[in-house]
Every structure is written in structure tokens, then in C-alpha cells.
Amino acid sequence: MVSSVYHSNMRRQRKATTLRLEEKDIKALETIKQHYGIVSDNQAVILAIQVTAKQIEAGTPGFGGHSSP
């Protein structure tokens, strides 16, 4: 479920969501945080999303060595 949260002092609307992660996902998140010196889980998730999107846009092979069609 994704819900929108807006505060009058925020310049843009941000969406809040809940992620249900398995232990392997939490470990991967910790690896990302340590590698990039990120403090928050939220920042690590955003970075992972942005990096993945850039790889897809660049046609970089993803899971299983396949790029998107």
C-alpha cells in the first residue's frame, strides 16, 4: 500500500510506503549502506532504485545477464 504524505513545510510531495523485507534483503541493504557510507535505510533504497533505473536505461544487463527489450 502506498500512501501520500504532505507537510506544509515540504517543497514537494513524497510518498510513504512499507516494505516487507526478508533477511537477505536486509543484509543487501546493509551492504549498500556500508559501501556508499549511507546512514538511513530510506537513502539506501532510493539509491538502489536510481542505480537500477540508470542501468536499465543504459541497456546494462540485469538479472540473468539479460537487458530489457
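The values are calculated or read from the model by the stated rules, or taken from the named source; none is laboratory data. Predicted model, so just to flag it, every value in this text is computed and none were measured. So basically every Cβ, Gly included, is an ideal-geometry build from the backbone, and we count neighbours across all protein chains shown.
Here are some notes:
- Condition check for residue 47: at pLDDT 90 or above, part of a loop (DSSP other than H, G, I, E, B), surrounded by 10 or more Cβ atoms within 10 Å (Cβ to Cβ) and not β-branched (Val, Ile, Thr): no
- Selection of first residues in region 42-65 that are more than 19 Å from residue 31 (Cβ to Cβ) and of second residues that are surrounded by fewer than 13 Cβ atoms within 10 Å (Cβ to Cβ) and modelled with pLDDT of 90 or more, restricted to Cβ pairs under 9 Å at least 6 apart or on distinct chains, gives the following pairs, ordered by first then second residue: 60/54.
- Of all the residues in region 32-41, those that are without any contact (Cβ under 8 Å) to a residue 12 or more places away in the chain and surrounded by 11 or more Cβ atoms within 10 Å (Cβ to Cβ) number 3.
- Scope region 20-31; condition surrounded by 10 or more Cβ atoms within 10 Å (Cβ to Cβ) and not in a helix (DSSP H, G or I); matching residues: 21
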